[in-house]
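The structure appears below as structure tokens.
The values are calculated or read from the model by the stated rules, or taken from the named source; none is laboratory data. Fair warning: this is a prediction, and the values are worked out from it, not measured in the lab. Reconstructed Cβ throughout: ideal geometry from the backbone, glycine too, with neighbour counts over all protein chains shown. Surface accessibility is based on the protein's heavy atoms, side chains included, excluding ligands, DNA and RNA. Shrake-Rupley method; radii C 1.70, N 1.55, O 1.52, S 1.80 Å.
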Amino acid sequence: MRTIVSILTILMLSTISVGMSGNELYSSSYEERVDYEGRIRRTLQAEEIDPYVIDLLVAQSKHESGNYKNSLTPYNNVFARHYSKKDTFAISAGAPGEGHRRFAKYPSVEYATLSQLDYLRRKNYSFKWKSPYQYALELKKKHYYEADIMVYTNALIRFMK
């Protein structure tokens, strides 16, 4: 029930104009500015996620989406998630990236954020991270990414600044 209320609240808030910031991008597909970071933060705040964990997840979204500029961003896939039938937030597969179209498409940034949160919960992540390294380490141990742990950690640090 909380998730449904959160989604409705977030969708209403996302229609309100927000000030210009470095994280707003022009989307040619629907001719408006998109505040990706703000929308992700509001979604996670509505889910009562710890503020530091929110910072980590925002940094992860920036890293995984090439600072909201890669080929998955127009499909609202800001966490570079592959499509899974278990992902009740995704519309379908078909978002292009890394030479294939196995990435999920989402109806909104909010749904993509809830998908990432649901994934972390279903996989029993701790949510007790106190550093980018701790988060990167748990992700690595659970085979979330293939890169070297320090490459992923440094990307999180860079995007948290």
Item to check | Area of residue 82 that stays accessible when all protein chains are in place (1.4 Å probe, Å², to 10) | outcome: 90 Å²
Checklist outcome for this item: Classified through the alpha carbon gyration tensor (a ≥ b ≥ c as square roots of its eigenvalues; rounded if a/c is under 1.5, else prolate when a/b is larger than b/c, else oblate), segment 68-142 comes out prolate
Item to check | Heavy-atom accessible area ranking, 1.4 Å probe, most first, across 157, 49, 91 | outcome: 91, 157, 49
Checklist entry - Ordering 160, 150 by how much accessible area each has at a 1.4 Å probe, largest first, what is the list? => result 150, 160
Checklist outcome for this item: For residue 78 the rounded accessible area (nearest 10 Å², probe 1.4 Å, non-protein molecules ignored) is 0 Å²
Item to check | Within segment 39-76, GluC sites (Glu not before Pro) in DSSP loop having at most 11 other beta-carbon neighbours inside 10 Å | outcome: 48
Checklist entry - With every protein chain in place, what's the accessible area of residue 101 (1.4 Å probe, Å², nearest 10)? => result 140 Å²
